[in-house]
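Shown next, in structure tokens, is the structure this report addresses.
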Amino acid sequence: MANAQVTQEELVKIQELNSEFNKAKMAIGDVELQKQQIIRHIEELKLEFSAHEKSLIEKYGADAVINIQTGEVTQKEE
């Protein structure tokens with residue numbers, strides 16, 4: 001069997017499976033890149049949130065509680 005060859009049908013099946021496997025690996029890579037972009041975006045949002053929070057603390061005080069739905073500012077109860 002040193003010079004045996006797979007049938008055309010077997011070759012096509014192997015090629016199809018290999019192609020699908022490679023597509024799946026590429027899809028994983030694409031998803032990972034999207035994940036990294038989302039993580040970077042979250043980090044940027046955290047920095048922006050922190051800066052905005054600091055300006056609100058300067059304006060309304062460290063004990064201020066802001067209702068995120070209405071915008072009402074109250075003070076923490078002791």
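The values are calculated or read from the model by the stated rules, or taken from the named source; none is laboratory data. Only a predicted model underlies this, so the values are computations on that prediction, with no experimental measurement involved. Cβ placement follows ideal geometry from the backbone for every residue including glycine, while neighbour counts extend to all protein chains displayed. Just the protein is used for accessible areas: all its heavy atoms, side chains included, with ligands, DNA and RNA removed. Shrake-Rupley method; radii C 1.70, N 1.55, O 1.52, S 1.80 Å.
In whole percent, and with a 1.4 Å probe on the protein chains, what portion of the accessible area of the chain is carbon and sulfur?
The computed percentage sits at 57.
So what is the diffusion coefficient of the chain in µm² per second by Stokes-Einstein at 4 °C and 1.567 mPa s, using a Kirkwood Rh over Cα pairs?
The diffusion coefficient I find is 71 µm²/s.
Please work out how much accessible surface Phe21 shows to a 1.4 Å probe, ignoring ligands, DNA and RNA, in Å² rounded to 10.
120
Between Ile14, Ile28, Ala51, whose Cα lies farthest towards the positive end of the dipole of the chain when Lys and Arg beta carbons carry +1 and Asp and Glu beta carbons carry -1, centred on the Cα centre?
Ile14
With a 1.4 Å probe and all protein chains left in place, how much accessible area per residue does the chain have, in Å²?
That works out to 98 Å² for each residue.
Per DSSP helix of 4 or more residues, -39500 (n - 2.57); summed, then divided by the residues of the chain. What does that give at 222 nm, rounded to the nearest 500?
Result for the chain, helices only: -25500 deg cm²/dmol.
Given the options Glu53, Glu16, Glu32, state which has the largest fluctuation in a GNM of the chain using a 10 Å cut-off (strictly under) for Cα springs.
Glu16
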